[in-house]
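This report concerns only the one structure given below.
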Amino acid sequence: MRFEPLTLTRPTPESAARFCALPYDVFDRAEARAYVEAHPGSFLEIDRAETSFPPDHDMYAPEVYARAAELLAEREADGTLVEEDAPRYFLYRQRTPSGHVQTGIVGGFSTADYDAGLVRRHERIRPEKLGDRIAHIGACRAQTGPIFLTYRDSPAVDAVVDRVAQGAPLLSFDACDGVATSVWRVGDPTDEEALRRGLADVSGAYIADGHHRCAAAVETARRAGADGLVLAVLYPAGQLACLPYNRVVADAAGLSPAGLADAVRAAGFEVAPADGPVEPEGPGRYGMYHAGRWWRLRAEGRPACGDPVAALDAQVLQDRVLAPVLGVEDPASSPRIEFVGGVRGLGELERRAGASGVAFSLHATTIAQLMDVADAGRLMPPKSTWFEPKILSGLFAHRIG
């Protein structure tokens, strides 16, 4: 696999903490506006430039993307952002308050490798989301959202990363999500070449997060006749934490609480009342919340593991309950379902379900399952994986053209 150094734009050490923000798609529209109001001058103001307009303004209007480009230029002019003078690799380390640590390599993968399937996908691309990111990159003339990639661990690469990270970081700050963030520039040509050689031996990478950002960046690079490289952060799989991605359906499709439990039981689940919120303890186990109470669910007769998609907990729930019982035929487009990922917790599921909705807590998809699905050329159900900590937006940007 080809993974090369890039000439990147980044914040200064003095501005990084106040400027960098979580990715644009972590926020709904109201949350994005509230964050920008509380953090003026942050990168989210650029990533979600509709926040510069009235709340009912078309968030995909041309003037919104033009505003993003203006704001990016302002941050370059006022010294918040600086551009490196040569292509470099960087290391990007995140340490959560709970002690989880992951260190990625910042660089660029080639569009040729993407086309050849060496950068493997597992999620369906939605045209409207793809169009939004293409328009944003095109207006800014920069890829501002790095792609979150993972690969099977390589001792040779790890050795170089460990050596470089013994030096003093270029940037070190606590990010907006409370994650301790450190960045090193790989300045030694010997280390740079060792990374290039080690990554060339990696058989392929997997998109962990950012399918739409990735497809948009690849398409924009092609249109611009750019260098054929797409900004990404490449993490060893052994360091990543994949968290549950839960579901909330707006209503019980006319079923009473007892009727819902009976229907789920008939769909091939053991159903038992629970004393409180249910955090599934393993694959094939779920929690279900409706009308103020929780149930424990256990899938019976799970599919043979020969089909990596059918064996996923999210797919089992979709095939047996969400579609036939609750009428959510297409979770990618149905307005009756929403997804709650990461550390928002089971209390958030209860809040969103309210008095009439139905919430389901799931066990997290594993990295091995993600790789199996991608290697088979298959797609997961929508919102099957949630990775934390997220890659900060605004920390690195790559000029296109």
Practice problem: State whether the residues of the stretch 151-166 include one that is under 28 Å from D25 (Cβ atoms), out of contact with any Lys or Arg (no Cβ under 9 Å at 6 or more places or on another chain), part of a strand (DSSP E or B) and not small (G, A, S). | Solution: yes
Quiz item: Would you call R133 free of Cβ contacts under 8 Å to residues at least 60 places away in the same chain, part of a helix (DSSP H, G or I) and out of contact with any Gly (no Cβ under 7 Å at 6 or more places or on another chain)?
Solution: no
Quiz item: Can you name the residue in the stretch 284-340 that is among the hydroxyl-bearing types (S, T, Y) and in a loop (DSSP other than H, G, I, E, B) and is also modelled with the highest pLDDT among such residues?
Solution: S334
Quiz item: Restricting to the stretch 339-381, what's the tally of residues that are crowded, with 16+ Cβ neighbours inside 10 Å, small (G, A, S) and farther than 28 Å from P273 by Cα?
Solution: 1
Quiz item: Is it fair to say V82 is assigned to a strand (DSSP E or B) and either hydrophobic (A, V, I, L, M, F, W, C) or free of Cβ contacts under 8 Å to residues at least 12 places away in the same chain (or both)?
Solution: yes
Practice problem: Would you check if E329 is touching a helix residue (DSSP H, G or I) at 6+ places or on another chain (Cβ under 7 Å) and either exposed (fewer than 14 other Cβ atoms within 10 Å of the Cβ) or over 21 Å from A368 (Cα atoms) (or both)? | Solution: no
Quiz prompt | Candidates R75, R18, filtered to the one that is in contact with a Ser or Thr (Cβ under 8 Å, 6 or more places away or on another chain), surrounded by 13 or more Cβ atoms within 10 Å (Cβ to Cβ) and part of a helix (DSSP H, G or I) | solution = R18
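For residues in the stretch 140-168 being touching a residue at least 40 places away in the same chain (Cβ under 8 Å) and surrounded by fewer than 19 Cβ atoms within 10 Å (Cβ to Cβ), which is farthest from V233 (Cα to Cα)?
Selected residue: R141.
Got a sec? Which of G284, G276, G301 is under 20 Å from L349 (Cα atoms) and either in contact (Cβ under 8 Å) with a residue 24 or more places away in the chain or among the hydroxyl-bearing types (S, T, Y) (or both)?
Working: G276 fails: either in contact (Cβ under 8 Å) with a residue 24 or more places away in the chain or among the hydroxyl-bearing types (S, T, Y) (or both); G301 fails: under 20 Å from L349 (Cα atoms).
One residue alone meets the criteria, G284.
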Exercise. For residues that are at pLDDT below 95 and either closer than 15 Å to D78 by Cβ or touching a Phe, Trp or Tyr at 6+ places or on another chain (Cβ under 7 Å) (or both), tally how many sit in the stretch 12-27.
Key: 1
Quiz item: Is it fair to say W295 is among the aromatic types (F, W, Y), buried (at least 20 other Cβ atoms within 10 Å of the Cβ) and under 19 Å from the mean Cα position of the chain (by Cα)?
Solution: no
Quiz prompt | Residues located in the stretch 249-273, provided they are assigned to a loop (DSSP other than H, G, I, E, B), exposed (fewer than 15 other Cβ atoms within 10 Å of the Cβ) and of a type in the set (A, V, I, L, M) | solution = none
Self-check item: Unmet criterion (only one of (1) within 25 Å of E219 (Cβ to Cβ); (2) among the charged types (D, E, K, R); (3) in a strand (DSSP E or B)) for R93
Solution: (1)
Practice problem: Taking M288 as meeting all but one of (1) closer than 27 Å to L130 by Cα; (2) surrounded by 23 or more Cβ atoms within 10 Å (Cβ to Cβ), write down the number of the exception. | Solution: (1)
Quiz prompt | Selection count where residues are aromatic (F, W, Y), touching a residue at least 24 places away in the same chain (Cβ under 8 Å) and more than 18 Å from A180 (Cα to Cα), scope the stretch 7-42 | solution = 1
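If we keep just the residues of the stretch 211-232 that are within 21 Å of R124 (Cα to Cα), of a type in the set (A, V, I, L, M) and out of contact with any His (no Cβ under 7 Å at 6 or more places or on another chain), which is modelled with the lowest pLDDT?
Once the filter is applied, the top-ranked residue is A221.
Take the residues in the stretch 35-49 that are within 21 Å of the chain's Cα centre (by Cα) and assigned to a helix (DSSP H, G or I); name whichever of them is surrounded by the most Cβ atoms within 10 Å (Cβ to Cβ).
In this case the residue turns out to be I46.
Could we say that L229 is touching a strand residue (DSSP E or B) at 6+ places or on another chain (Cβ under 7 Å) and not polar (S, T, N, Q) here?
yes
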Quiz item: Is it fair to say G394 is of a type outside the set (S, T, Y), under 22 Å from the mean Cα position of the chain (by Cα), surrounded by 22 or more Cβ atoms within 10 Å (Cβ to Cβ) and within 30 Å of A180 (Cα to Cα)?
Solution: yes
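Only residues that are outside any helix (DSSP H, G or I) and without any contact (Cβ under 8 Å) to a residue 24 or more places away in the chain: list them for the stretch 341-376, please.
Within the stretch 341-376, G345, G354 meet the criteria.
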Quiz item: Any idea which of S182, S172 is under 22 Å from the mean Cα position of the chain (by Cα), closer than 20 Å to P11 by Cα and of a type in the set (S, T, N, Q)?
Solution: S182
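The values are calculated or read from the model by the stated rules, or taken from the named source; none is laboratory data. Computed from a predicted structure; not experimentally measured. Here Cβ is always computed from backbone atoms with ideal geometry, including for glycine, and neighbour counts include all displayed protein chains.
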